[in-house]
Structures are given as structure tokens and as C-alpha cells.
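The values are calculated or read from the model by the stated rules, or taken from the named source; none is laboratory data. Note that the structure is predicted; figures quoted are calculated from it, not measured. Reconstructed Cβ throughout: ideal geometry from the backbone, glycine too, with neighbour counts over all protein chains shown. To get the accessible areas, we keep the full protein, side chains included, count just its heavy atoms, and leave off ligands, DNA and RNA. Shrake-Rupley method; radii C 1.70, N 1.55, O 1.52, S 1.80 Å.
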Amino acid sequence: MRYTGNCRHILLMTNNFSQIDVTVVGGGLAGMAAAFHLAKGGLRVLCIEPESENRDAVGESLDWSAPELLADLGLPMDHLLSEGMATYKKHVILRLRSGATENYVPSDWLARPPFNVELRTLHVDRERLDAALREIVCAAGVTWLRDKVIRVERMEKTITSVVTQGGIEISSRWFVDAAGSGTSLFPRLFDLPVYEFGPKKVAMWDYFPAPEPLEGTTVNADCEGPFYMSWVWQIPINPETISVGYIAAGETVGEKRKQGMSLHEIFREQMGNFAELGRLAQSSNVNPPHTTSFRCRAYGKTNGPNWLVIGESAAMVDPMTSNGVTAALRHAEEASRIILRNRSRRILPWLPRSLYSRRVLYIAKFFNSGIEKVVYDWPIRNRIGPLRAGDVYTIPAWSINNIYSRIRPRGIISTFLFGMFLATLRFAINLCYWYCSRMRPSAPACATS
Ligand SMILES: Cc1cc2nc3c(=O)[nH]c(=O)nc-3n(C[C@H](O)[C@H](O)[C@H](O)COP(=O)(O)OP(=O)(O)OC[C@H]3O[C@@H](n4cnc5c(N)ncnc54)[C@H](O)[C@@H]3O)c2cc1C
């Protein structure tokens, strides 16, 4: 096998995997983070990833809890900034087609005792970040296999081995599924219960020279009226480059395709809806945008006797929440801890792995149903106005991630109380949604803000 890095090389002809403790399927952010924690904990880890680099990696606007999780992987904020892998994210701007804007900035008092909250987070250049993390993971002693898992062997609920496209069968005591939302290998194999949120969506994005230094994420939203929202992100991923991406319901994009528009034309048209991006849309970039489709969802169970599911394979949260990277890194840390603590057992104890699954589900449900009901769908947004809807979603979402980072729920009581808190918030949102959807759509409430 060829791999450009310090990773231990595996010859595809060598079928000697008897020394592996944990097999991690997928070498995206979640898989790399888990592989790192497990190897640091002293286990022999094999990470199976078909791609030499993830060219279509997205996930650039980080939540405020992510920098701490990246620092745990050996990538502190200062390093990411000084190496040109990141820019500061100090606020989020919501800009409507009418030109109305709102700036969401965490208040200064949060930075003072007793709260001591870090008010800055980051935008990251995922290509550079992933490359740096791959080096760190390899240096930690993880063995990397460039291959794709095509079959999983099981004995009842226990996974016995995975089989790769290259014909290699790998057995280990523990398995971690980090294969992303498109694959969700173990949840599909075990036909696990799934919760879905909102319609299927399409994302397309591209990179442009940064017109000026920015320290915030801009969400350009098409949401003034009683219809399902679409939006265009604008994220400075490094000092020279901005990422611009469009997200809409699959049906909306499908309609435009039926009218004969190419992806490139659809993307440029959406950029043109917002003055600042319109100028970029006219630039000479002729490549079709990167494209993916996804459905926000969360699996009701993400564990078995000797396996755990992490990252987007366990739960896909909407990109607008900026919670994907945080969730992936948290899952990786929590799942690795469960394996490390029980390394000498035959199976993982039921309680910690079930509590892990609960936390994954609670958080994904909260973020996905919150963003769908308050922001994407029209009843609440149309009633209180998109700018206020942004507040209604952003304040609890931001706080929840901060609280989670502080209390780090692990045991029965903390997990249960945290779950109850989120369920209460969801209930309040659902009630508000129900109430607003019974009223007649109002005229756009924010057009003059
Ligand atoms: C359009 C879009 C925008 C986003 N924006 C943000 C954002 O601004 N902020 C944020 O925090 N998050 C964002 N996210 C989410 C974020 O990108 C992910 O949560 C994060 O990258 C973690 O992904 P992952 O490692 O779980 O999965 P992935 O990155 O999908 O990695 C899965 C890996 O598994 C490999 N794989 C798949 N199948 C197999 C197999 N059979 N065998 C072996 N390997 C396999 C794949 O090659 C891949 O490398 C966004 C997501 C999307 C789709």
C-alpha cells in the first residue's frame, strides 16, 4: 500500500492483522480522532479508509466547543491559526435577501468569572486540518489501511470481522464505525431504529479568494415568506480563501434540474441572490461545485457488545447547526473512553455504551428538530421574523454545547438530567411550532429590520 506520511505501511499482500485490538472503519474526522485516542490509550489500532485524502471534506465553521476538542488531539487554536489552517470565528451574521442583517455575538460578560467562556472559535480549512491530523494519528502509532470495508461478519449482536474490497478479513476485539452518513455501516447491518428530520437536502460548495479578512460566518438566507428555507454559507477557511456553499431541499434543486439548469448554474444563481456573493459568482471559476446530498437523522442505538458507532455514521446533524465537527470529536472521545476502560473485558458493559447512545441521540434530536422547526420550516420563522428566529435557535443551541462541555455528562444521573433538559426545550419548540402553524401565514415580518 502507498501512503504519503509517517504511517505504518501495510502491504496489501500481508494478511497479518492478528495483532489488532480495535478496527476503526473510516478515516474522516471522527475516525481519526477515535484512532488517536485509542492508540494514545495503548491499544493497537487499525484505521481503514479508502481515500488517500478527503477532497470533499466540509465542516468548516466550528461550534464554540470544538477548539477544545481539537486541542485534545494536539491541534490547539494558536497552532491552527499560525499555520494558516484556520481563521477566527467571533460571530455569526444572518443576512437576508432583502439586505436585513443580524449579528449574533456572544456577550462579553460570558468571558468573565464564574463563566469563563471562550468567546472565540474557528473556521477551519478542512483539507489542511485533515492532513495535519492524519500526521498526528500516524505518529501516535495507528496503522492505516487504504481499503474499503464491503462486508461485516457477525455472530448475533457481536461483530467478528470486517472484509475489505481488497479481500482482507480483519478480526479484532473491538470495532468502531466512523464511515460517515452515506455508509452508516453497522446501523444498516443491524437495522437499527432511525429518526429522520426534515427533507433530503442537497449541498453544493466551492472556494474563492477571500475579498477581505473576515472573522465570522455569514449565513445568507432565502427565508422571507412561508416556504422552506434555503441558504448560502460564506466561511473564511484560511486567510486567503472563503468557502461558499448552497443548501436547499432536494426537491427544490430537482425542480431546477428539470428546467435544464446545470449544478454550476444553480449554484451561481443562488450566489447572485446576495449582493456580495454575486460579484464572486461572476469570477472565472468554471469548475462545477462540489456536491453532496444528505438527510439529517440520528440512530436510536449506536452500540453493541463489541462495537460503537461515531460521527455522522451515528447521527447526521444539519450543517447550519455547526455542530457536526463537535459531535464527531465528542463521539470519538466518549466511545474511545468506553473501550479503553473496558479493554480487558470480553464485551463492553451495557450501561456506559447505552448511556453513550442516549447522549448521541439527545443532542442530534435537539439540534436537528430545533433548526428544522425554528429556522428551516416557515411557521415559527414567519410569525416572529427570521432574525428573531435566529436568536430563538442560536441562544439555546450555543448554551447547550457550552453546558455539555462543562458538565461532560457520563453517568446515569447527568445523562438523564441533560436528556430531560433537552426534551423540555424540544417540547417547548414543538408547542410553539404547533401554535404558529395553526395561524395564517403573515407577511414577511423582518423585511424592514
Ligand atoms: C455540506 C456539509 C457542510 C457541513 N458544514 C459543517 C460546518 O460548517 N461545521 C461543522 O461542524 N460540521 C459541518 N458538517 C459536518 C462535518 O463535515 C462532519 O460532521 C465531520 O466532518 C465528521 O464527519 P465523519 O468523520 O463522521 O464522516 P466523514 O467525514 O464522512 O468520514 C467518513 C469516512 O469514512 C470513509 N468510508 C466510507 N465508507 C467506508 C467503508 N465502507 N470502509 C472504509 N471507510 C469508509 C469515507 O471515505 C470517509 O473518509 C457539514 C457537513 C456537510 C455534509
Given the condition within 11 Å of the ligand (Cβ to nearest atom), at pLDDT 95 or above and touching a helix residue (DSSP H, G or I) at 6+ places or on another chain (Cβ under 7 Å), answer yes or no: does some residue in region 205-218 qualify?
no
Consider His331 against the criteria (1) in a strand (DSSP E or B); (2) within 9 Å of the ligand (Cβ to nearest atom): it satisfies all of them except one. Which criterion is unmet?
(1)
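Filter region 38-65 for residues that are more than 29 Å from Asn287 (Cβ to Cβ) and not in a loop (DSSP other than H, G, I, E, B) and give the result.
So the first thing to find is which residues in region 38-65 are more than 29 Å from Asn287 (Cβ to Cβ), and the list is 38-48, 63-65.
Those that are more than 29 Å from Asn287 (Cβ to Cβ) and not in a loop (DSSP other than H, G, I, E, B): Leu38, Ala39, Lys40, Val45, Leu46, Cys47, Ile48.
Looking for something more than 17 Å from Phe36 (Cα to Cα), over 24 Å from the mean Cα position of the chain (by Cα), buried (at least 18 other Cβ atoms within 10 Å of the Cβ) and hydrophobic (A, V, I, L, M, F, W, C) - is there at least one such residue anywhere in region 192-205?
First pass over region 192-205, keeping only residues more than 17 Å from Phe36 (Cα to Cα): 192-205.
Checking which are over 24 Å from the mean Cα position of the chain (by Cα) leaves us with none.
Within region 192-205 (the criterion being more than 17 Å from Phe36 (Cα to Cα), over 24 Å from the mean Cα position of the chain (by Cα), buried (at least 18 other Cβ atoms within 10 Å of the Cβ) and hydrophobic (A, V, I, L, M, F, W, C)), the answer is no, since none of the residues qualifies.
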Looking at region 361-375, which of the residues that are out of contact with any helix residue (DSSP H, G or I) (no Cβ under 6 Å at 6 or more places or on another chain) and open to solvent by less than 10 Å² (accessible area, probe 1.4 Å) is farthest from Asn303 (Cα to Cα)?
Asn368
Verdict on Thr326 being of a type in the set (Ser, Thr, Tyr) and in a helix (DSSP H, G or I)
yes
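A quick yes/no check of all residues on (1) polar (S, T, N, Q); (2) open to solvent by 50 Å² or more (accessible area, probe 1.4 Å):
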| position | (1), (2) |
| --- | --- |
| Gln234 | yes, no |
| Val244 | no, no |
| Ala249 | no, no |
| Glu265 | no, yes |
| Gly272 | no, no |
| Ser293 | yes, yes |
| Arg297 | no, no |
| Pro305 | no, no |
| Val309 | no, no |
Kindly indicate the residue of region 382-425 that is touching a residue at least 24 places away in the same chain (Cβ under 8 Å) and of a type in the set (Val, Ile, Thr) and also farthest from Phe227 (Cα to Cα) among those meeting that condition.
Ile412
Of all the residues that make up region 92-115, how many are of a type outside the set (A, V, I, L, M, F, W, C), without any contact (Cβ under 8 Å) to a residue 12 or more places away in the chain and open to solvent by 90 Å² or more (accessible area, probe 1.4 Å)?
4
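In the set Arg188, Arg268, Arg257, which member is assigned to a helix (DSSP H, G or I) and within 27 Å of Val124 (Cα to Cα)? If you could, list the steps in order and put the result at the bottom.
On the way: Arg188 fails: within 27 Å of Val124 (Cα to Cα); Arg257 fails: within 27 Å of Val124 (Cα to Cα).
The match here is Arg268.
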Check Thr121 against each of (1) within 16 Å of the ligand (Cβ to nearest atom); (2) free of Cβ contacts under 8 Å to residues at least 60 places away in the same chain; (3) open to solvent by 30 Å² or more (accessible area, probe 1.4 Å) and name the one condition it does not meet.
(3)
Selection from region 1-53 of residues open to solvent by 90 Å² or more (accessible area, probe 1.4 Å) and at pLDDT 95 or above yields Lys40, Arg44
Just to be sure, is Leu129 within 11 Å of the ligand (Cβ to nearest atom), within 18 Å of the chain's Cα centre (by Cα), surrounded by 20 or more Cβ atoms within 10 Å (Cβ to Cβ) and part of a strand (DSSP E or B)?
no
I'd like the full set of residues that are open to solvent by 10 Å² or more (accessible area, probe 1.4 Å) and touching a strand residue (DSSP E or B) at 6+ places or on another chain (Cβ under 8 Å), limited to region 218-228.
Val219, Asp222, Glu224, Tyr228
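Report yes if Glu135 is within 14 Å of the ligand (Cβ to nearest atom) and either in the same structural domain as Pro236 (by TED's automatic domain parsing) or closer than 30 Å to Ile242 by Cβ (or both), otherwise no. If you could, list the steps in order and put the result at the bottom.
Numbers: within 14 Å of the ligand (Cβ to nearest atom): no; either in the same structural domain as Pro236 (by TED's automatic domain parsing) or closer than 30 Å to Ile242 by Cβ (or both): yes.
No.
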Any pair with Cβ under 6 angstrom, 6 or more apart, that starts in region 303-322 at a residue that is free of Cβ contacts under 8 Å to residues at least 60 places away in the same chain and within 29 Å of Asp391 (Cβ to Cβ) and ends at one that is open to solvent by less than 10 Å² (accessible area, probe 1.4 Å) and more than 7 Å from the ligand (Cβ to nearest atom):
Ala315/Ala298; Ala315/Val360; Ala315/Ala364; Val317/Ala364; Val317/Phe367; Val317/Asn368
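Of the residues Met420, Met439, which single one is part of a loop (DSSP other than H, G, I, E, B) and out of contact with any Phe, Trp or Tyr (no Cβ under 7 Å at 6 or more places or on another chain)?
On the way: Met420 fails: part of a loop (DSSP other than H, G, I, E, B).
Result: Met439 is the single residue among Met420, Met439 that is part of a loop (DSSP other than H, G, I, E, B) and out of contact with any Phe, Trp or Tyr (no Cβ under 7 Å at 6 or more places or on another chain).
Yes or no: Ser230 within 16 Å of the ligand (Cβ to nearest atom) and over 30 Å from Leu46 (Cα atoms)? Working first, answer last.
On the way: within 16 Å of the ligand (Cβ to nearest atom): yes; over 30 Å from Leu46 (Cα atoms): yes.
Judged against the criteria, Ser230 is a match.
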